[in-house]
Each structure stands twice: as C-alpha cells, then as structure tokens.
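Right, one structure below, let's go through it.
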Amino acid sequence: MPKPKKPEHMLQLLQHFIKHSNQIKQIHSLLTTSGRLLLTSQWINTLLYNTLIRAYLNISQPQTTLILFTHMLFHQAQPNSHTFPSLIKAASSFPPHLASHIGKPLHCQVLRRGVLSDPYVCTSFIGLYSQACELGSAHKMFDEIPEPCVVSYNAILDACGKNGDMSLGFLMFSRMPYRDVYSWTSMIHGYMKNGCSEVAVKFFRRMILHEDVKCGLLKPNEATFVSVLSSCTFLDVGVALYLGRQVHAYMVKNEELSVFMTTALIAFYGKMGCFVYASKVFDAMVIKQVCAWNAMISSLALNGREKQALMMYEKMRARGLQPNAITFVAVLSACARAKLVDLGFKLFETMSHEFGIVPKMEHYGCVVDLLGRAGLLQEAYDFIKKMPFEADATVLGALMGACRLHGAIELGNEVAQLLLKSQPNHSGRYVQLSSIYAGAEKWDHAAALRKAMLDAGIHKVPAHSFI
C-alpha cells in the first residue's frame, strides 16, 4: 500500500477504502502509522477520525467505534458536530442499561465541546435515550431544539411508541407543522405496539383520508401497511378480517406489492385462519424471499397443517435458501404441535451446528413446548435448567400449561412459584395453578389460591366470545 505524502492524499485513500468494508484495517493503519503527518493539520486529523469512526459503525462494530473516540481524544484531535452523531448511534446499538451508561459521558462531551445546539446531535440523543428507556430525557433533549424539523419530531414520536406514552406522542404529532409518511407510520406502529390496535387502524383510516394523500403528496409505505395489518390481527376475528381485506384491496389498488407487503398479508391471513387466502398470496409471488417462506410455514403450523409446514421448510431448503432464526421458530412450533420430539431436537441442533444460528429464548421456549405437549414434563424442566440463560415467563408459562394439560400437580406448583415470583400481579398465572388444583380435585388448594388473588387485589380478566 503506498504511503500518503500529504494529509489530503491520506483522506483520498480513506475515502477509497471506506467503500470496501473488507479493507477497514488498512484505513486504521493509515492513522496508526502516520501520526506525525496527521498532526501537521488539525482539521484533517479530525476529519480522518470522523471518517474512520463512521466506517466502523457502518460495518456494525460499535465497540470499535467508541474505542476510536478515546484514541481521538488521546491524540488531541478535536471532536466536532460531525463526530458525535455516529458515536451516539453506536451507543444506541447496545442494550438499554449499557446505552444509558455510555450515553451520559457522551452527553457531557457534547456539552463540553459546545455542539449541543446542532439539531443532528440533539436528534441523535433522542434516539439514544429512547433506546435507554429514558423518555423523560428524550423529551428534554427535544425541547432543546429551537426549531425542530420533521426528523426531530419523528424521533420523539418513535421514542413515545417504544416507551409506551402515546398521549405524549399524540400531543407531539398534533404540534407538527408538517408530517411525512414516517410521522404517520410511527403513530400507527406505536399504538399497535402498546395494545391500542383499534386506534392504530383508525389512525390509518385518518391518514388515507388526509388531503396530502388524496393529492398524491404523501402515501403509505411498506412499514405503514405492515403495522396496520399487524394491528388488525389483535381485533375481533370478524372485524379484523373485514378491515384486513379492505387494507389488502387498498394495497392492490394503490401500490405495487413488495416482498415485505405480501409477507405481511400471508402472516395476517394465516393468523386469521384463512389459509386459502394466505396460500393464494404466496403462490402469486414472483420472487419468494426467506421472510415469505417463514410466514407461509407459520401459517401452515397455525392452521393444523404441521406436516405440510415441515414439507414447506424442506422445499425452501431445496430452492437453495438459507433459513434464519425466525424460520426455526416456525418449524420448531410445527414440531411442537405435531409432537415430533426427535425431529424437533434434530432441527434445534441443526440451528447452531449447520447454520451458525445461536438459539434465543423463543427457540428454547419452542423446545419446552415440544416436550410439554408430548408429556415429557420432567425432561422439559431439566432442559430449562440447562439453558445458558435464565428462562423468562414465556418459557415457564409453556411448561406450566403442559403441567395443567397432563395433571402434574407437584411440578406445576413448583413452576408456578417461579412464575409468581417474576410476575406477582399476573392473574393468568393464578388461574392456571388454580385450574391444575381443580383438575386434581384439590378444591381446598384452589379456593385458597382464589382467595389469595382477591386479597392481593388481583382480578381475572373476563373472557368473551366472538359469536
């Protein structure tokens, strides 16, 4: 690699390498081997570091991005308003507690360098505090922006949706002088995510009736349709199917259906029990990506066609497509419903050995459900104990449901105590355990548990019929 004779030549080399992520180490070597040259021009020094920080962020190495910032400070390169957005985005990629821990020192650096007035920096911090589950801090940061643009408004709308404060989100939405498709989609997705599916559908209706949409200045995008179809699945079946088909008709009339839009339609019809419609949408697709196959496998499994779901998985493999983590959730669910224990374990092992996919909580939950449905309750409990992380309520809940199904009182009671410890106010856990006692005709235990619910002020959510 030729050595640069001037800082400007080094910058040209950096810009060349930045386009080839596999050469990122050569970029780094430019900084480490040419320190004397870098110090000859302070602004070039800062610019080079900014370019390298952004390069590592683009190849999903946030830790290296943050370490580079410490090197930047050590070599007395002055950070500027172009440095911090990449650093803040890198911090946002970590889990909430780490994002908060990293974000506060960055905030101090921004104040110290006098660049907090930059709207891009402020907007980046809104996203960071949203990821850190600190909506109050995100709101304060938004208030620091004298004249927020639509991007800043969209950031705070997204923060409200992620942190469950749609009242604040609606207030911010109402104040916006101009709204783009991301503004409307953030509101629809926020309401859907926070259990207000009916409001989300009404917001979509309000959007398509808006003057900007009628005039062609604004139109829903892929994310909008995916969010509204997901919202429909949480409504009463009859209403959901009616509204979902209206959305489908609007999509066909106004848009060219993309892979993600058709995938959302397959998933919607599958959840509604309309497998024929799901199949028609899937068959009409010219290019079928993995996400579409995943949706179809899930639809088959949900509608009692587990063996067809597994055949669909094999068909996908025969087409040369690589399964992902979502694929294995679908096929393991199919195995659980069909009680195919040996095949389920074989697929679970295939995940990591053949495809290099690290099993997550959902995959372990599927295996527990598989063993539980097959009546192998002790094996399921032993499997939970061997998990590399602590089982959450969904995994334990699957085992407790199996204990109720097979009348395993002692194990059900043991699992229930773990669940009540993690979810002391969840009425469903009390009801499940009470049902286990009642099924074994231990009426005194069931009555005592119901009394404990009343004493704790916990009320069972009343059931209802769709008829």
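Remarks
- The conditions of being touching a helix residue (DSSP H, G or I) at 6+ places or on another chain (Cβ under 6 Å) and open to solvent by 70 Å² or more (accessible area, probe 1.4 Å) are met by L302.
- Options D165, D180; residue that is within 25 Å of S117 (Cα to Cα) and not hydrophobic (A, V, I, L, M, F, W, C): D180
- The set of residues in the stretch 365-393 that are surrounded by 20 or more Cβ atoms within 10 Å (Cβ to Cβ) and outside any helix (DSSP H, G or I) contains only A391.
- Residue match in the stretch 314-323 (condition: touching a residue at least 24 places away in the same chain (Cβ under 8 Å) and under 22 Å from the mean Cα position of the chain (by Cα)): yes
- Here A334 meets the list (1) in a helix (DSSP H, G or I); (2) open to solvent by 10 Å² or more (accessible area, probe 1.4 Å); (3) under 22 Å from Y364 (Cβ atoms) almost entirely, failing just condition (2).
- Filter pass, M311 being open to solvent by less than 10 Å² (accessible area, probe 1.4 Å), in a helix (DSSP H, G or I) and either modelled with pLDDT of 95 or more or more than 18 Å from G273 (Cβ to Cβ) (or both): no
- Which numbered condition A398 fails, given (1) at pLDDT 90 or above; (2) surrounded by 21 or more Cβ atoms within 10 Å (Cβ to Cβ): (1)
- Extreme residue, farthest from T224 (Cα to Cα), among residues of the stretch 236-266 that are over 23 Å from the mean Cα position of the chain (by Cα) and among the hydroxyl-bearing types (S, T, Y): Y242
- A330 satisfies every condition listed in (1) under 18 Å from N294 (Cα atoms); (2) over 25 Å from the mean Cα position of the chain (by Cα); (3) small (G, A, S) except (2).
- Positions within the stretch 125-142 being farther than 14 Å from L106 by Cβ and either open to solvent by 40 Å² or more (accessible area, probe 1.4 Å) or among the basic types (K, R) (or both), in sequence order: C133, G136, H139, K140
The values are calculated or read from the model by the stated rules, or taken from the named source; none is laboratory data. Here the structure is a predicted model, which is why all the values come from computation and not from measurement. All Cβ positions, even for glycine, are placed from backbone atoms using ideal geometry, and neighbour counts span all protein chains on display. Just the protein is used for accessible areas: all its heavy atoms, side chains included, with ligands, DNA and RNA removed. Shrake-Rupley method; radii C 1.70, N 1.55, O 1.52, S 1.80 Å.
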